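Read through the structure below, which is laid out as structure tokens, and then see the notes.
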Amino acid sequence: MTLAQAILLFVAAMLGGMLNSVAGGGSFIGFPALIFVGVPSINANATNTVALWPGVVASAGAYRRELARQPRALILVLGGTSLIGGVLGALLLLRTPQQTFTLLIPPLLLIATVLFAVSPQLTALLRRRRTKPATTTSSPALSAEKLTPLKLISVSFFQLLIATYGGYFGGGIGILMLATLGMMGMEDIHEMNGLKTLLAGLINGVAVITFALAGAVLWLHGLLMVVGAIIGGYGGAYYARKIDQRWVRLFVTLVGVTMTLYFFINIYILGHSGK
């Protein structure tokens, strides 16, 4: 890794950490940056997961109060499902040939971009759902009585699919989990965000361990990006919060679209599937 490449990765991680702390979408910066410096696609995905994970864990800690209000059975079942799915997705990625995964980059980025773009509308819908029953219920938490076995089985199935996708690539899993929790009957958006963040931390955590044991992580690149992401997340977010979040989200969406088009042209039209 040259000095120029190190600077590019550090700056990309700082920007990604800043975006993640405000609106999300940091993977649109970090993952392509690793590809640009010559990291093979699967290793880039694994290393980017390492770079993003500390930020997810830190965010989960901020939701301790909301998580304490959730039924223990729900957290245990969805947590276990997330761990299983995260490992399955990571193993699936490791068994995918580099060239095949490279061919999947444009559609995966497109899926993540679309999910990111529609997330404000879905979040607004869930917030409206929260306000409607406010006069008829004393607690926004999903009570154990409302958590029927059928609901638990259904949401566990969808969470397994989401977690497997999260271990494989992961872009957009947050909004997928919010949608699933909303369909299950959860109404408080803060509690949903808390549970979503905890589950994302579990998914990424077991994926990181799986990638590390398989030797898929480039630790010099990853640790450099971890430092950059922490600095960006805690320092740069101060300035980013002064900007209207709609502009931040628009910027992230444009980056996602640009990266999707770039890789689509580079891989499908120019035939640079390379590594």
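For segment 204-228, give me each residue that is over 19 Å from the mean Cα position of the chain (by Cα), free of Cβ contacts under 8 Å to residues at least 40 places away in the same chain and either under 26 Å from M177 (Cα atoms) or open to solvent by less than 60 Å² (accessible area, probe 1.4 Å) (or both).
Scanning segment 204-228 gives a single hit, G215.
How many residues are at pLDDT 85 or above and among the hydroxyl-bearing types (S, T, Y) when one looks only at segment 167-199?
Selection size over segment 167-199: 2.
With of a type outside the set (F, W, Y), within 20 Å of L160 (Cα to Cα) and crowded, with 18+ Cβ neighbours inside 10 Å as the only criterion, which of A117, A90, A44 stands out?
A90
Could you tell me which numbered condition L76 fails, if it satisfies all but one of (1) farther than 22 Å from N20 by Cβ; (2) in contact (Cβ under 8 Å) with a residue 12 or more places away in the chain; (3) surrounded by fewer than 20 Cβ atoms within 10 Å (Cβ to Cβ)?
Of (1) farther than 22 Å from N20 by Cβ; (2) in contact (Cβ under 8 Å) with a residue 12 or more places away in the chain; (3) surrounded by fewer than 20 Cβ atoms within 10 Å (Cβ to Cβ), only one is false for L76: (2).
For segment 155-183, enumerate the residues that are assigned to a loop (DSSP other than H, G, I, E, B) and not hydrophobic (A, V, I, L, M, F, W, C).
G170, G171, G172
Just one of the numbered conditions (1) farther than 27 Å from N43 by Cα; (2) within 14 Å of the chain's Cα centre (by Cα); (3) assigned to a loop (DSSP other than H, G, I, E, B) is not true of M186; which one?
Among (1) farther than 27 Å from N43 by Cα; (2) within 14 Å of the chain's Cα centre (by Cα); (3) assigned to a loop (DSSP other than H, G, I, E, B), M186 violates only (2).
Just for segment 189-200: of the residues that are open to solvent by less than 10 Å² (accessible area, probe 1.4 Å) and of a type outside the set (A, V, I, L, M, F, W, C), which one is nearest to the chain's Cα centre (by Cα)?
G194
Identify the single condition in (1) crowded, with 17+ Cβ neighbours inside 10 Å; (2) acidic (D, E); (3) at pLDDT below 80 that E66 does not satisfy, given that it satisfies every other one.
Just one mismatch for E66, condition (3).
Residues of segment 6-63 being outside any helix (DSSP H, G or I) and either within 21 Å of G89 (Cα to Cα) or within 13 Å of the chain's Cα centre (by Cα) (or both), which ones?
Within segment 6-63, A23, G24, G25, G26, V39, P40 qualify.
The values are calculated or read from the model by the stated rules, or taken from the named source; none is laboratory data. No experiment lies behind these values; they were computed from the predicted model shown. Note that we place each Cβ from the backbone using ideal geometry, even for glycine, and neighbour counts take in every protein chain shown. Just so you know, the surface numbers come from the protein's heavy atoms only, side chains and all, with ligands and any DNA or RNA stripped out. Shrake-Rupley method; radii C 1.70, N 1.55, O 1.52, S 1.80 Å.
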